[in-house]
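As structure tokens, the structure follows; a few thoughts come after it.
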Amino acid sequence: MISLLRPLACILLLAPSLLPAADSQRFVLERPHQVTEIPEPDRNIPVTSVILMIGDGMGLHHLSAAWTANRGHLFMENCPVTGIAKTWCADKLVTDSAAAGTAMATGTKTLYKRVAVCPQGSKLDSLVDKAAGMGKSTGVIVTCELNDATPASFCANNKNRSDSYGIIGDYPHSRADFIFGGGGKYFTQRPDGRDMFREMAAQGYHVARSWEDAAALPPGKTLIVAAPGNLPPPSARGDVLRQATLKGLENLSRNPNGFFLMVEGSNIDKAAHRNKLEEMMEELLDFDRTAGAVLDWASRHPGTLVVITADHNTGAFALTGGDREKGEITAQFGSGNHDGVMVPVYAFGAGSGAFTGIYENTDIFRKIMEAMEKGTSQPAPAHRGS
Ligand SMILES: [Zn+2]
């Protein structure tokens, strides 16, 4: 018996590539979405409006997996400008979504878990505050709870991202005009007794507590809380992220001074944390369809800058094989956490040229600010179409 096992052990030791990966997963996309070519409008005209899209946890392997599953096509590939952003935060190499969101929202590298608060403890203004200060309309659209780290970095200030009630308590004073997301359970039955839906209405928001109810809302300041917690996966929630984004664009673009809108595919990260490949792929492809709607809108509205990026990479995810023609992937997760690799940045439209190169995640804030400041000092271009 020993004489039989010894050669086998030697083969396994000498040729580790023959060993099957223990946690390799397979996914086949049955129904790919049709991807069209979207022409970039003039890049060199003043920026009136900015749409920042964040795929939470979406690294290059995630994007490559989505590209393979969708038969070698993604809407995001219509972006002619690419860059790479470094995601480290002030006290750790591997950031969380709070410090990474704060970096992009405020231009400051801060400590793990902080939302729009600097390492010394002061509150920071976000791109929502800055754009509102320039007379622009502003919006935040996410598929997670509104108290989650990314939307909180744009709409609240807190030393602790886990202070869900405290973060939702900041929303009436946020300068976001169009808000869509989940987390309804933190708006009522709160330990402090506040009714946040009532407070938001008192601040002039039209409030809907479901996506269905949102159809009846008049134009103007809008709060849509579409779920008690995070929104369910796309297979259960439907085309809501894309539709909410189009509703937000219609609403915000009424302002002749333009707008700033942040759209997040929030649950790519959450599925990756749990190593749920199928759910993660669903979220990635849903985010790409939403990117398609955003790029199409921007293509018809010169003066709009679209930036698509991630806050960090999640799951040490690796695309290890597959078949582009069959829409099949094999992949592995190496962890249930974030990791420290740089993330891609894609840009499209007015001012997109500034996003080429290798830079810090805080430079995304700086580049957007420069584009908006330059744009406000020059006349807005005429829009065509709707
Ligand atoms: Zn994140």
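Quick notes on this structure:
- Centre-to-centre, using Cα atoms only, the stretch 44-99 and the stretch 142-187 are separated by 22 Å.
- Length-normalised contact order for the stretch 288-378 - Cα pairs under 8 Å, 6+ apart - percent: 28 percent
- Gaussian network model of the chain, Cα within-10 Å springs - most flexible of VAL306, VAL115, VAL28: VAL28
- Rounded FRET efficiency, nearest 0.05, which uses the C-beta distance separating ALA216 from ASP192 and R0 of 35 Å: 0.70
- Placing a pseudo-label 7 Å from each Cα along the Cα-to-Cβ vector at GLU278 and ASP91 gives an inter-label distance of 4.0 nm.
- Positive-end residue of GLN34, ILE329, ALA226, charge dipole of the chain with Cβ unit charges: ALA226
- Shape of the stretch 104-220, Cα gyration tensor, a/c cut at 1.5: oblate
- Gain upon complete extension [ILE84, SER235; 0.36 nm per residue less C-alpha separation]: 51.2 nm
- Among 143-149, 224-230, 235-241, the peptide with the highest mean count of other Cβ atoms within 10 Å heads the list, and the full ranking is 143-149, 224-230, 235-241.
- Between ASP42 and ASP296, full extension at 0.36 nm per residue minus the direct alpha carbon distance yields a gain of 90.0 nm.
- Relative contact order for the stretch 42-376, counting Cα pairs under 8 Å that sit 6 or more residues apart, in percent: 33 percent
- Distance between the stretch 309-333 and the stretch 264-298 - C-alpha centres, whole angstrom: 13 Å
- Annotation: average projected area of the chain is 21.9 square nanometres, based on the convex hull of Cα atoms across all directions.
- Share antiparallel - DSSP beta bridges, the chain, percent rounded to 5: 45 percent
All of the numbers you see were taken from the coordinates with simple rules; none came from a lab. It should be emphasised that the depicted structure is a prediction, and the values quoted were computed from it without experimental measurement. Backbone-built Cβ (ideal geometry, glycine too); neighbour counts: all protein chains shown.
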